[in-house]
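Working notes for the structure below.
The values are calculated or read from the model by the stated rules, or taken from the named source; none is laboratory data. Small disclaimer: the values here were computed from a predicted structure and weren't measured. Note that we place each Cβ from the backbone using ideal geometry, even for glycine, and neighbour counts take in every protein chain shown. Heavy atoms of the whole protein, side chains included, go into the accessibility calculation; ligands, DNA and RNA do not. Shrake-Rupley method; radii C 1.70, N 1.55, O 1.52, S 1.80 Å.
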Amino acid sequence: MSRFDYAFGARLIAPQRTRFRLWAPDRQQVAIEIDGRPPLVMTPLEGGWFACEADCGAGARYRFRVSDDLVVPDPASRAQAGDVHDASIVCDPDAYQWKHTDWSGRPWHETVLYELHVGALGGFSAVARQLPALAELGITAIELMPVADFPGPRNWGYDGVLPYAPDAAYGTPEELKALIDDAHGLNMSVFLDVVYNHFGPDGNYLGSYASAFFRDDIHTPWGQAIDFRRPQVRDFFTENALYWLAEFRFDGLRFDAVHAITEKDWLAEMAQRVRERIAPPRHAHLVLENDDNCAQLLARTPQRLFDAQWNDDLHHALHVLLTGEREGYYADYVTQMDEKLARGLVEGFIFQGEPSPFRGGAARGEPSAQLPPTAFVAFLQNHDQVGNRAFGERLNTLADPAALRAASAMLLLSPQIPLLFMGEEIGASQPFLYFTSHLTPQLADAVRKGRRQEFARFAHFSDAATRERIPDPNAEQTFLDSIPRAEDATAQAWRAWVKALLAIRREHIVPRLQDAHALGADLLGKAAIKARWRMGDGTVLMIAFNLHEAPVPVALDSLADGRGGRILFETEGVPDALLRGELPGHAFIAVLEPAT
């Protein structure tokens, strides 16, 4: 995409001349203040726009004066001179010299995702130094939690207020591009988590000069809903998606909580525009987080809009089986838990229009059995499912280690696209906590109290003294405690386990994933399931696992329907147990059956 197409932000039109644009429909006059120069009144244009050109180049710092007592950063700032309240910086999109200009990406079915928090791993340059080890492990794509500018030096990223500006705490735009470039040189893709459903509570000035950006009649868990009925708002976020994909050469985007976006048609419109501008042979992968379980957005015909959705349903069913937890949204997966897990494994969504007790009996989801397994991203852990716990516990502190290993094998050798959360590959025991660094004591106090009050509805936190133990999100120690570390033989053993499984996936499963479809699943016993998929080359992938501690009776021939096949992987003790006619507790086996 040409940089001349962006409607928002500062754009270099010559080495020492820049065009500035701002949508400020609430204002009659706007001036731009460039450091070291007198203010320049901008020209009002139709539709609430203001524009001007100035003799300044890359590195110039500027702000918009929208009233006598308020100057604001550019909402489409490409970089900030400090933090969210400070001046914006004019950037040259061509300043970075790409090394791997012929990179066109990797096909979606080859994806093995590794979700990471850039700050917890030390910034853009530090993440780049860890890429060779991740590539050697078998990871084919890293996914960055949001990097858009947020207040202070520490944040999950979901409090971002300047969606176009990489946060300076992580590094410069050029360092982010270098990270992506290095990944491409290792044959790795890079995804970015983007947040288009809300702005953070500190540093968002849009309401002071463009109140039409928001709706007064609809509120989200984070405040006023963004008004996607307005073309300027739709363009702001569509251009942002194109900006990351085109200028930074990200290979894909993960769209956070799109169920909170009121105008669902914008999602299809945005995806269509992305497909038109980032066209083959370039790969651009679009992935949803969507509590609505909208299968239509994942349809493969006539043109694919979105490649996949995070499969929260499958995670929740697995979590209930592994931990026994039943509160909150896990309550939806307690009854018929084995049947629900089997459905999530072979059909993707568990809720496909059925009533959700957690949501007051409201129907949730659409039929999804027609979708390929690669339309779903499967995981045992991610930032949400770990970090939204009061104490940020990882699964290896909650589940039986042997059961967790069997579930991990199931994750990495099933046809859905697997995702690992940073530290999971080494069995990290450090928590991943919710952390912030809000700049005002009032907001920091409100977030701390709100965080603790949020858990009051859970039985374990009914006591106020227990809630006081929940870590303070704004404390630096909370962030430091969330950094994964590998220090013992357990970490080495986990890494070797993951590497071996991913090697099997790469050799035997990935080449057959295109056009794969589920054949069905059978219950073998409590927490024990057999599932089969017809792969693209006609072979059949069969997996069977038992997450319960007790063995279940099973005939060896029945696992491969009497036709035999090649055992791709089995956990310790499975061969002897199968000869005795049982699948042992906490066990897993994968078999590739011959084509019929």
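Along Cα→Cβ, 7 Å out, is where each label goes; now give me the distance between the ones at Ala126 and Leu439 in nm to one decimal.
2.3
Computed over the Cα atoms, what is the radius of gyration of the range 533-587 divided by 2.2 N^0.38 Å, N being its residue count?
For the range 533-587, the normalised Cα radius of gyration comes out at 1.16.
May I have the pair-distance distribution P(r) for the range 1-146, computed from all Cα-Cα distances with 10 Å bins from 0 and rounded to whole percent?
10, 31, 26, 20, 12, 2
Taking a 1.4 Å probe, which of His109, His315 shows the most accessible area, and what order do the others take after it?
His109, His315
In µm²/s, what is D for the range 486-596 at 25 °C and 0.890 mPa s, where D = kT/(6 pi eta Rh) by Stokes-Einstein and Rh is the Kirkwood radius from Cα pairs?
Translational diffusion coefficient: 166 µm²/s.
Pop out the ³J(HN,Hα) list for the range 419-431 in order, Karplus 6.51 cos²θ - 1.76 cosθ + 1.60 with θ = phi - 60°, rounded to Hz; leave Gly and Pro as x.
With the stated coefficients, the range 419-431 comes to 10, 10, 9, 3, x, 5, 6, 10, x, 4, 9, 5, x Hz.
Quick one: 3J(HN,Hα) in Hz for the range 292-298, Karplus 6.51/-1.76/1.60 with θ = phi - 60°, rounded, Gly and Pro as x.
6, 6, 8, 5, 4, 5, 9
How much of Glu327 can a 1.4 Å solvent probe reach, expressed as accessible area in Å² and rounded to 10?
So the heavy atoms of Glu327 present about 80 Å² to solvent.
Quick one: Debye curve from the alpha-carbon atoms of the chain only, equal weights, vacuum; give me log10 I(q)/I(0) at q = 0.07 Å⁻¹ to two decimals.
Values returned for q = 0.07 Å⁻¹ are -0.44.
No solvent, one uniform scatterer per C-alpha: report log10 I(q)/I(0) for the range 1-86 via the Debye equation at q = 0.12, 0.16, 0.17, 0.18 1/Å, two decimals.
The computed values of log10 I(q)/I(0) come out as -0.32, -0.59, -0.67, -0.76.
Mind jotting down a quarter of the surface of the convex hull over the alpha carbons of the range 113-252, in square nanometres, one decimal?
8.5
On average, how much area does the Cα convex hull of the range 220-331 cover when viewed from any direction, in nm²?
Projected area, direction-averaged: 8.8 nm².
At 1.4 Å probe size, with every protein chain present, just tell me what the per residue accessible area of the chain comes to in Å².
38
Of the options Phe432, Ala444, Phe349, report the single residue whose Cα projects farthest towards the positive end of the charge dipole of the chain (beta-carbon charges: Lys, Arg +1; Asp, Glu -1).
Phe349
How high is the relative contact order of the chain, given as a whole-number percent (alpha carbon pairs under 8 Å, six or more residues apart)?
Contact order relative to length: 10 percent.
Sorted by accessible area with a 1.4 angstrom probe, largest first, how do Glu46, Glu143, Glu263, Glu507 fall?
Heavy-atom accessible area, descending, gives Glu46, Glu507, Glu263, Glu143.
Counting only protein chains, not ligands or nucleic acids, how are Arg230, Arg405 ordered by accessible area (probe 1.4 Å), most first?
Arg230, Arg405
Report, in whole Å, the centroid distance computed from the Cα atoms of the range 287-304 and the range 411-430.
24
Principal axis lengths of the range 295-385 from Cα atoms, whole Å, largest first?
Extents along the principal axes: 41, 27, 23 Å.
What distance in nm separates the simple spin-label points at Ala212 and Ala500, each placed 7 Å from Cα in the Cβ direction?
With each label point 7 Å from Cα toward Cβ, the separation is 6.2 nm.
Per residue, how big is the convex hull around the C-alpha atoms of the range 471-517? Give it to me in cubic angstrom, could you?
148
If one puts a single equal scatterer on every Cα of the range 359-515 and applies the Debye formula without solvent, what log₁₀ I(q)/I(0) results at q = 0.09, 0.11, 0.21 Å⁻¹?
So the normalised log intensities work out to -0.42, -0.61, -1.26.
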